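Read the structure below first, then the notes.
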């Protein structure tokens, strides 16, 4: 039995439509498995985006160098000023969130352990997104990190 060319095209269109329906069902099913999350304060961050740009410009003017590491749940921040001298006498805060389904929030005020070094027990494991805020006198420095907590 010979199939006409019109019937072939109808069969192709029906197969493509069925494939799209199957793909849609698979994607809907996949979207309901696993964790989805909304970042805390995302709307506030969005409406204050210009403030973040201004803060980044102020950070560049200060020229402070900041590094952070998390090992065993303890965050260590080292900070130095533009001339490379340890940043002593500062108030240091950490805020962050883990990049996994449980998405624990990390936060803490770090205490000085020596000139330019600050520590606090904050927890955290795997990849985390962090914001370090350092206030000293009238100066404020905010730096965002993505790092792997060990």
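The values are calculated or read from the model by the stated rules, or taken from the named source; none is laboratory data. Just so it is clear, the structure is predicted and the values come from calculations on it, not from any experiment. Cβ: placed from backbone, ideal geometry, glycine included. Neighbour counts: every protein chain shown.
Give me the pairs, please: first residue somewhere in region 57-70 and farther than 26 Å from residue 149 by Cα, second residue anywhere and surrounded by 17 or more Cβ atoms within 10 Å (Cβ to Cβ), beta-carbon distance under 8 Å, and either six or more positions apart or on two chains.
As it stands, the answer is 58/141; 62/81; 62/141, since those pairs meet every condition given.
Can you tell me which condition residue 29 does not meet? The list is (1) more than 24 Å from the chain's Cα centre (by Cα); (2) in a helix (DSSP H, G or I); (3) at pLDDT 90 or above, and all the others hold.
(3)
Say whether the condition of being closer than 30 Å to residue 33 by Cα and in a strand (DSSP E or B) is met by at least one residue in region 108-119. Lay out the reasoning, then the answer.
First, pick out the residues of region 108-119 that are closer than 30 Å to residue 33 by Cα: none.
For region 108-119, residues closer than 30 Å to residue 33 by Cα and in a strand (DSSP E or B): absent.
Against the definition (surrounded by 13 or more Cβ atoms within 10 Å (Cβ to Cβ) and in contact with a strand residue (DSSP E or B) (Cβ under 9 Å, 6 or more places away or on another chain)), how does residue 79 come out, yes or no?
Numbers: surrounded by 13 or more Cβ atoms within 10 Å (Cβ to Cβ): yes; in contact with a strand residue (DSSP E or B) (Cβ under 9 Å, 6 or more places away or on another chain): yes.
The answer is yes for residue 79.
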